[in-house]
Amino acid sequence: MSRYIFVIDADRCIGCKGCQVACKAENGIGPGENRNRVFDVGPTGVFPDLEMYFLPVMCQQCEEPACVAACPTKACRRNEADAVVMIDAETCIACRACERACPYGALTLNRERRVMDKCTICEQLRREGEKPACVKNCPGNALYCGDIDDPDSAVSQLLAQTRPEHIHKLRDTGSHPGNYYILRNAAWQDLLPRELAERRGG
């Protein structure tokens, strides 16, 4: 079985939010809804020794997704072919249990269709052999996507070339997030996206 994830090179992210815009355009995401978000982390330190970086956050493709466990209709499921967490619109009742369960704020309500929505790593593009919209449109080449179980994939190669102390994951609250973050030039801040959102008022 393949296991598709993202690897985010935070040192290359310029905080332009082009990934958010591309995702919304490709997937028809409405106003106030997001499948991914870019957070400002910092600045930290004391002037003139300050550090800051940008943190793109999308579905973490967890090994034991809290959203799947919380869904009362089993609409939220982990795809057998590529391990990508999906939502079946036909059985979703928009109760938002998955949204409340996710520690990474990765699910959103599609108000027009009245179903829950989330990153699918652009399943429709991957079927055509294309990269996800966020990856294709990142001007800093900060986003990578691929099969982490394939040693020749872009994500596996990037991680293999990076020193272990520069590789991070978002805090594990029990669901075992799959995505990796690379940060070489600043101190990694162990903050959940919800904590980051609260810092800046939502």
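A single entry from V115, V85, V57 fulfils the requirement of being surrounded by fewer than 20 Cβ atoms within 10 Å (Cβ to Cβ), of a type outside the set (D, E, K, R) and at pLDDT 95 or above: V115. Quick check on F47: is it hydrophobic (A, V, I, L, M, F, W, C), modelled with pLDDT of 95 or more, open to solvent by 40 Å² or more (accessible area, probe 1.4 Å) and within 30 Å of N185 (Cβ to Cβ)? No: the conditions fail for F47. Scanning segment 159-188 for residues that are over 14 Å from D11 (Cβ atoms), open to solvent by 20 Å² or more (accessible area, probe 1.4 Å) and not in a helix (DSSP H, G or I) yields a count of 6. I'd like the full set of residues that are acidic (D, E), part of a strand (DSSP E or B) and open to solvent by less than 20 Å² (accessible area, probe 1.4 Å), limited to segment 5-44. Of everything in segment 5-44, just one residue is acidic (D, E), part of a strand (DSSP E or B) and open to solvent by less than 20 Å² (accessible area, probe 1.4 Å), namely D9.
Kindly check whether there is at least one residue in segment 110-119 that is closer than 21 Å to Q20 by Cα, more than 15 Å from the chain's Cα centre (by Cα) and of a type in the set (D, E). The answer is yes; a qualifying residue exists. Among the residues of segment 25-33, at least one is touching a helix residue (DSSP H, G or I) at 6+ places or on another chain (Cβ under 9 Å), closer than 24 Å to A197 by Cβ and hydrophobic (A, V, I, L, M, F, W, C).
Take the conditions under 30 Å from A187 (Cβ atoms) and among the aliphatic types (A, V, I, L, M) and apply them to V68. Does it pass?
Details: under 30 Å from A187 (Cβ atoms): no; among the aliphatic types (A, V, I, L, M): yes.
Against the criterion (under 30 Å from A187 (Cβ atoms) and among the aliphatic types (A, V, I, L, M)), V68 does not qualify.
Counting only residues that are over 19 Å from A186 (Cβ atoms) and in a helix (DSSP H, G or I), segment 133-158 holds 8 of them. The single condition among (1) in contact with a Ser or Thr (Cβ under 7 Å, 6 or more places away or on another chain); (2) at pLDDT 95 or above; (3) open to solvent by 50 Å² or more (accessible area, probe 1.4 Å) that R77 does not meet is (1). Listed by first and then second residue, the pairs linking a residue in segment 52-66 that is in contact (Cβ under 8 Å) with a residue 12 or more places away in the chain and closer than 15 Å to V84 by Cα to a residue that is assigned to a loop (DSSP other than H, G, I, E, B) and hydroxyl-bearing (S, T, Y), with Cβ atoms under 6 Å apart and 6 or more places separating them unless they lie on different chains, are Q60/Y104; C62/S175; E64/S175; P65/S175; A66/S175.
The values are calculated or read from the model by the stated rules, or taken from the named source; none is laboratory data. Treat the numbers as computed from the prediction; the structure is a model and nothing was measured. Reconstructed Cβ throughout: ideal geometry from the backbone, glycine too, with neighbour counts over all protein chains shown. These accessible areas exclude ligands, DNA and RNA; they are computed on the full protein's heavy atoms, side chains included. Shrake-Rupley method; radii C 1.70, N 1.55, O 1.52, S 1.80 Å.
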